[in-house]
Structures are given as C-alpha cells and as structure tokens.
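The block underneath contains the structure these notes are about, expressed in structure tokens.
The values are calculated or read from the model by the stated rules, or taken from the named source; none is laboratory data. As the structure is a computational prediction, the values presented were derived from the model and not from experiment. Here the Cβ positions follow ideal geometry from the backbone for every residue, glycine too, while neighbour counts run over all protein chains shown.
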Amino acid sequence: MPHRIALHKHGSIKLNRRDWHVRSLLGAAAIGIQGTMPLWLRAAADAGAKQDEKVLVVVQLTGGNDGLNTVVPFREDAYYRARPKLALPADRLLKLDDQFGLHPAMTGLRDLVDKGRFSIVHGVGYPTPNRSHFESMDVWHSCQQKSRREREGWIGRWAASLGMKASGEDSPAIHFGQEVQPLALAHRRLAIPSIDSIERFRLRVDLPTASQEEASNSETAGEEDLVGFLEASTQTALRASARMSEAFARDTDVNDFPSHPFGQKLKAIARLIAVGATTRVYYVTLDGFDTHSQQPAAHEGLLRQWSEGVSALVRQMEAIGQADRVLVMSFSEFGRRVAENASEGTDHGAAAPMFFAGASLRQLHLGQTPSLEALDDGDLKYQVDFRSVYAGVLEGWLGTESPMVLGGEYSPTELFATS
Amino acid sequence: MRTNGDLDPLAWKPEQLWEPWQASDEQPWDRRRIAHWLRRVSFGGSAEDIAEATRLGFEKSVERWCGHVDGKNSGKALDSEGNQTGDRQSDQMTRSVRASEKTLSQSAWWLHRMRVTGEPFREKMTLFWHGHFATSADKVKDGTLMFDQNQLLREHAIGSFPAMVHQIAKDPAMLIYLDSATNRKAHANENFARELMELFCLGEGHYSEADVQELARCFTGWEIRRGRFRFNPYQHDQQPKRLLGSETIQSGEEAIDHILEQQRVEYFLVRKWVDFFICDQTEWTDDQLEPLATQLRQDQLSMQPTLRRIVTSRLMMHPWCEGRKIRSPVDLTMGFLKAIDAMASWEWIAQQVREVGQGLFEPPNVEGWEGGRSWINSATLLGRANLIEGLVTDPRTRIDGQPLASLLESRSARSDSLMQSLLDSFVPRALHTKLLSRFPLESTPDHSAVQRVCQWATHPVFQLQ
C-alpha cells in the first residue's frame, strides 16, 4: 500500500530530543525551536523547487448559490418573468458584455476580468441531479453518485496519489475553517489537516520528548482501525501545528485582506504561500447560500464577501509575483430554481456556474449557458459535467491524470491560456 | 457453548446480536463492563456509580439508568445533586435561563443537567434527538423557542416516535429553521417536507422528488405567528395529493401518519441508534437490524423497548464494543468530569465544546452532527487536548469544593485515586496498555500529575470510548 507509507515516512524519521521539543515548537509565536529546526521543517525551507508548483484554492459556496443572480443573463425575458421580485435590473449589473452582468456586489471580481484573471464555466452540474444539500455535496466531493457512505473525496484521492516524495513536505492539502472537514478532502489512508484558527491551533500541553519519538515510531494498526486512524490524525495535527507556528512567526507582505472570517482564511492561505509552503491545495468554505427566503440582502452580503476575499487573494499574489501559480476555483453543490418562491427566496435547483480566478485563464466564458425555457422540472439543465471541470483542473493545473481521481473518464475542460 | 464465533460479533446471526445479555462467570458484571456500559448509556460514571451498579446488579442498573419512560416531568428543574425538585429557586433558574435567550447560558444549563441528572439515558437521547432534528439558534434567533424545543425533545426522548414527529412538525423553532414559518399554497416551501422524509423519517432514496413536492403541498397553511404554530386554512392547498403511493391524503397530519407507516422508518431509526450506542464504523445491514426493526414496528414505533433492547444486548456488552466509538466533544468532557465526580464552569465548557465542533443549540447544519471520524481533524484534536488542559487547570473545576488541580498536585493518596478513577472509568480497559506505555500512571519529578493528565489527553486512545 504505497500511500500508507506517506504517513509513516514521517514517523520513521529519527528525531533527537533537541530537534523535537514540542512545547517550545508550538509555544507562543515560537519558531526558534530551541535553536534547531526539525528535519522536516528544514527540508521544507530548502525545498526551493517544490515551491514553484501550482497551487489550487478551492472555495466551496455552501448551501446552493443562486447562479442566475450571480451571473445575470440580462437579455433574457424569461429571467425577468420567472423572478418578478428577485430579478436584478440590467442597469444595476456589472456588465461583462452585451449578454451577461455580474451581481453588483462583485466589483472585486469584475476588476479581474479585464486582466484575464476571471472565468465563468456556465451550466455545470451532473446527470439526475439530487436536490438534497448533503447528497449533492457528496456527489461534488466524492464524484460518485451511487454509494451512500462514500468515505473518500476527490482531493483526498488526489493527495494520496502523490505518495509523499520527500519527508520535508507540508501536507499536500489543508482545509481552513471551523466546520467539519469536507468529504472532498477525506481519504482512508491520509489525514489532511483542518485548521480553524491559528491561535487555537497551538497545543498547550507539554509533551515529553521521548514519547513524541515513540509516537512517531509507533506501530500503526490497519488504516481501517480506529486507533490507527487516530494515531495518524494526531501525527498530522502535531506537524501541521508546528508548520503554522512557523508561517505566522515570519513577516510577510500579504496583509491586505478583508476583516471578515472568509477574508481572514484567505489571508492565512496567502501567508502560507508567501512563506513557501509546499501545500498544493487549500480548501475554504463560505456558508449561507441556502437562500429560501429574503434572498436579496443575504445573497448580496455573501457575494460581496466572496468577491472581496477572492479578489484580494489574487491581488496579493500579483503583488508578490505569484499570481500565475495560484488558481481559485469556486463551486456550489447546486444552483437554485429558476422561478422565485413566495418568501422572496429561491429553492434548491440544479445546474449553476463555476468560477475561476487568478492564473492565466483562457477566456471569460466557458461551458454553455442552459436555456431558461427548456427546464428540467423547473431547473436549469446541466451542460457541463463538473467532473470535466475537475479533470481540467487536475490535468491542466495539478498535473495529474484524472480518471483515477475522478473514478471515470471525463474530457477535461480547457481552462488555461496556452503560453 | 459458543466458542470461536463468539469473538467476532459481526459473524453472529442477527437474532444473537440482540439477545439479552446475562452476567455469567465468563462475562461478569464487573467494573470494566460497568464502566463501558455507563460510557455508552450515560455520559460515563464515577467510582461511586460503578460501586452502585455493582451493588444493584445488571437488571436493576438498567432500571436505575435507563428507566423513567414517562417524560411528563422530564424538563423539571434539578437541584445541584440532580434531584428533581419543586424547589422554587431551581425552577426560577430554569425559567430565567429560558428567558435569557442566550445560547451559551442554555448550553451551560443543559451540560449541568447532563452532569447531575438522575435520568442520564433520557439526557443522552435528548442529545441524540438534537442532532436528529437539528435546529440552530444561529438561524432561529429566538432562544425561548430553542429552549422549548429542547424540552420537547427531552419529553419525547424515549417515548413514542410518532408523537414526537407530530410535535416537532409544529415546533416553531423547527419551522423557522427550515424556512417554513410561512407556507402558502401558491408556493409551497419544500424544505421542511424534504427534511421530514430525508433526515427525520425515511432516509435518502426512499421517496421521490415528486413526493417532496406533494408533501410540501400538504403542509401549506402551516404557519408560525408570534412564536406559535397555527393553521391557516386559506393558504392550505385543497387539491388532491399523491404521496408515497397514497392518493387520499389531504392534511399535513395525515401525511405524517402516512410517512410513519412506511416500512423504512423503523430501519432508519434503529440504524441510527445502533450507530449511536454501539459503533458507527460498521455498515449495519438490514438483516442485522431486522430483529430491532421488527420490534419497533410491532411496538408501533414506541421507542423505549427497542432502545432498551439495544443497550442491554449481547452485542452492547461484548468486549468487541469497548473503545469502538469516537467520543463526541460532549462525551469527552462529561465523561472526564463524571469519572472523577467533578463540577466545572459550564459556560466555559459550552464554549469549548462548541469550538471543537459540538455547539449545543447550534448543530452545523440540518443533518446534525455526523459523528464518528468526522469529529476528528487536526484542529479538533489539538482543541480537545487543549480543552482537557484548560479543564484541569481551571480553578473552577472542583471536586467537593476543592480545585482539581490542587488535588492532583497534592501527591497524596487522593491524587493517586483520582488518576486511577480516570483510568478505570474513562479509558476503555482494552486501551490501557497503549496509553500507559507512552504516559505511565506514576508521575515523575519532570511531569506532575496535572501534566500527566494533560498528556493523556493528547493520546489517540483518549478519544475513544
């Protein structure tokens, strides 16, 4: 089982007592680590080559984002007919061209359009859409539509497929947020860290050095075994905690982020990128898109946070010359019904756009816009399978063959400008 | 009698899993088994609880911990010893916690209740139902309604499932949470209808999208006005509805009854209960669950007999079960305090369990807490260790009025017995060696008893019950 070795390789490094004194390592803002850096941190700092690899930031818009009021087809009468109260008038939109306009709260992302750093993939979904949040989110996370208790996600599978090449690497993926870790990151043999806040991500317990070494060397039971799972997770936690302390002890130039929690999560990611972390995928969520009632104010606030945060990340990456290696992908588990409901809201729907920011993107509009007239039970019909978009990201950005990760062959969406 | 197959309950026949357990010479009702059982049916137990259970024997212990079917008085105020009381001061306090509308105060009230109640099984089931009928104060924005819902869940926790569903379907907090405070015939809101089938009664795959839409129409006219349920006949869609194979359903109440008649309900419930009490790392098959499901249906979804059968089963009492569940944050904290009979700052704990993923009155989403491995990630593991560290060093964490930290530091027989109690009650026996080989019981000059307990909290097995 090659992937299991990934975890245990770390465990097998011989650390001497001075190298690995956990309390000082994790102590308040301490990075000095009593003079000596642990092996894997040192290796990370030296891993110059790794730091050129491309980075993906996944933004999950949780709750079902109303795609139609995000990218508005303002030429379509059907849009205005279906939404007497919720439709956004053309003159309020941030126009993209003579057909589409962005929601007025999305000024930050609108600014990226002219730099070729923003793309919309229209009409993304999957066959026989499920309108339950959890089931549909599971489909997006696992890329599978059949089994009930799916325990692996596409990013988890991708991360496991890397093996762990050098012991000094950071975790291939990190989730920032207080919510339960999204299934997308789960894998049977690999624990991906979730980090809720830097302050809380610091162990206050004084661990004896010897026991740490033992912990590293301890025989881990089968990966299906609960104790084995907990031991692996504990190891990951201690390592990630140390790494975060390091990243936040150093000064970086990426400080200009909105103060809301979503903005601060992106700031933490920016700092890790700026200090040369070798993590390839970062995962954040922005929750609240389940706008069944009183949608306008709620949706506007969410789109503003999203747009402010993502555009700040791209700007800050430009400022430190890293924008070409950072791609932000935003998705939601489904769009919303075309017709508004009676509570000034919208109910669960199906197809919706996905969004990309940063990098060098091929063109503004990708995919195909679904018809507002030919609906599937009141919902937009999908034109692009989300797994094709994932395939485009996996092959075109992360440099991985996609069928193994996605559990099937999907023709990759061409996302990037060829240079 | 039973030999080889005995070691692996997953190889048993379904009937064997749920046979009543009986103490025997090979399987005594001893401290180890009692501690295991109390960790599951209650929030753990102290040395005193274990002694009491030993004295009572198994059958009487079941009565002592899992009795009390009648939930009428279940929400009454408790005094600090956990006795139900007509005591005015306690009643007054409950009323003021309700009126405070503060999630943190209400969570603290509930945690205290879990700690001292004489009906811990009911309290544990109340927590289960809070995850099942998940409703968050964050969206409801009315603490009184949240508190009332909590009392509703407590009252019905081990009673009749149909009665509970009918009540919850008209519960103001629930309907507000699922955007169903208004429900007009022109635009039926599908949110509550969907969750009633998907999350509350049947599970995904046992209804169609058309059923969701039809069911939503049954609930048109159901409204919440000024914090109360009312039926508005003018907004009720009178057209015929087709729901789950029936064409004669008109009202929301009839629809609920029809859903509860579906054969999936009993499987859906017993699967969740077995996951909750026994082990959520196994895919229980319908065959394995069949005896429980059949009984629950025969009892017309009256829950207590089936629940009791689960927690007194051979499977439940089998060593296979020991240490096979990941503790929820509440289980972790309560189990720790109960093991050493300590009291603590409940508001502080309410805040802490929230930070590691179990904010009471604030479940993460309509699906409630997923439980199992989802409790664990880097942040929550560090958070759990820090939580225990905070609890141990907090001067408000006391035993008989004495701060825990100073008792532990006393280097006396008392300190030793506290450590031993923690080990015996809190840590599954099968995992003792793993824990002690890394962090031995004896404190050394380098590591005081306080530090030692905190180190235990960083160990993987501390997360298991």
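Identify, by number, the condition in (1) more than 7 Å from chain A (Cβ to nearest Cβ); (2) in contact with a Pro (Cβ under 6 Å, 6 or more places away or on another chain); (3) among the hydroxyl-bearing types (S, T, Y) that B:S378 doesn't meet.
(1)
In the range B:87-112, how many residues are among the charged types (D, E, K, R) and under 15 Å from B:W348 (Cα atoms)?
Matching residues across the range B:87-112 total 1.
Need a quick list: helices (runs of 4 or more DSSP H) entirely within the range B:273-385 having at least 1 residues that are small (G, A, S) and within 25 Å of A:E179 (Cβ to Cβ).
Here the list reads B:329-339, B:346-355.
Inspect the range A:139-147 for any residue being within 14 Å of chain B (Cβ to nearest Cβ), at pLDDT below 95 and loosely packed, with under 14 Cβ neighbours inside 10 Å and give the result as yes or no.
yes
Across the range B:449-465, what is the total count of residues that are more than 12 Å from chain A (Cβ to nearest Cβ) and touching a Lys or Arg at 6+ places or on another chain (Cβ under 6 Å)?
0
Would you mention how many residues in the range B:340-378 are farther than 23 Å from A:V227 by Cα, buried (at least 18 other Cβ atoms within 10 Å of the Cβ) and aliphatic (A, V, I, L, M)?
Within the range B:340-378, residues that are farther than 23 Å from A:V227 by Cα, buried (at least 18 other Cβ atoms within 10 Å of the Cβ) and aliphatic (A, V, I, L, M) number 7.
Given the condition within 14 Å of chain A (Cβ to nearest Cβ) and either of a type in the set (F, W, Y) or surrounded by fewer than 22 Cβ atoms within 10 Å (Cβ to Cβ) (or both), answer yes or no: does some residue in the range B:330-338 qualify?
no
Inside the range A:316-340, can you point out the residues that are modelled with pLDDT under 95 and within 14 Å of another protein chain (Cβ to nearest Cβ)?
none
This table checks each residue for (1) surrounded by fewer than 22 Cβ atoms within 10 Å (Cβ to Cβ); (2) among the hydrophobic types (A, V, I, L, M, F, W, C); (3) under 30 Å from B:Q298 (Cα atoms); (4) modelled with pLDDT of 95 or more.
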site	(1), (2), (3), (4)
B:T54	yes, no, no, yes
B:R64	yes, no, yes, no
B:N73	yes, no, yes, no
B:G86	yes, no, no, no
B:G118	yes, no, yes, no
B:F133	no, yes, yes, yes
B:D138	yes, no, no, no
B:N150	no, no, yes, yes
B:A157	no, yes, yes, yes
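When you scan the range B:102-155 for helices (runs of 4 or more DSSP H) that lie fully inside it, which ones turn up with 3 or more residues that are farther than 21 Å from B:A169 by Cβ and among the polar types (S, T, N, Q)?
Answer list for the range B:102-155: B:103-116.
Considering only the range A:364-390, state which residues are over 25 Å from A:P403 (Cα atoms), in a loop (DSSP other than H, G, I, E, B) and not acidic (D, E).
The answer is A:L364, A:T369, A:P370, A:S371, A:L372, A:A374, A:L375, A:G378, A:L380.
Give the residues of the range B:407-448 that are of a type in the set (A, V, I, L, M), touching a residue at least 40 places away in the same chain (Cβ under 8 Å) and either away from chain A (no Cβ under 13 Å) or not in a helix (DSSP H, G or I) (or both), sorted by residue number.
Selection gives B:L408, B:L418, B:L422.
Taking the range A:181-195 as the search range and keeping residues that are in a loop (DSSP other than H, G, I, E, B) and over 14 Å from the mean Cα position of the chain (by Cα), which one is farthest from the other protein chains (Cβ to nearest Cβ)?
It comes out as A:R189.
Could you list, in sequence order, the residues of the range B:198-211 that are over 21 Å from the mean Cα position of the chain (by Cα) and surrounded by fewer than 23 Cβ atoms within 10 Å (Cβ to Cβ)?
Within the range B:198-211, B:E204, B:G205, B:H206, B:S208, B:E209, B:A210, B:D211 meet the criteria.
Looking only at the range A:299-313, count how many residues are touching a strand residue (DSSP E or B) at 6+ places or on another chain (Cβ under 6 Å) and either among the aliphatic types (A, V, I, L, M) or on the phi > 0 side of the Ramachandran plot (or both).
1
Checking B:T393 against (1) at the interface with chain A (Cβ under 10 Å from one of its Cβ atoms); (2) buried (at least 23 other Cβ atoms within 10 Å of the Cβ), which single condition isn't satisfied?
The failed condition is (2).
I'd like the residue in the range B:183-197 that is in contact with a Lys or Arg (Cβ under 9 Å, 6 or more places away or on another chain) and surrounded by 21 or more Cβ atoms within 10 Å (Cβ to Cβ) and, out of all such residues, is farthest from B:A293 (Cα to Cα).
B:A188
All but one of (1) touching a helix residue (DSSP H, G or I) at 6+ places or on another chain (Cβ under 7 Å); (2) basic (K, R); (3) surrounded by 21 or more Cβ atoms within 10 Å (Cβ to Cβ) hold for B:R217; which doesn't?
(1)
Can you tell me how many residues in the range A:109-128 are crowded, with 24+ Cβ neighbours inside 10 Å and of a type in the set (G, A, S)?
2
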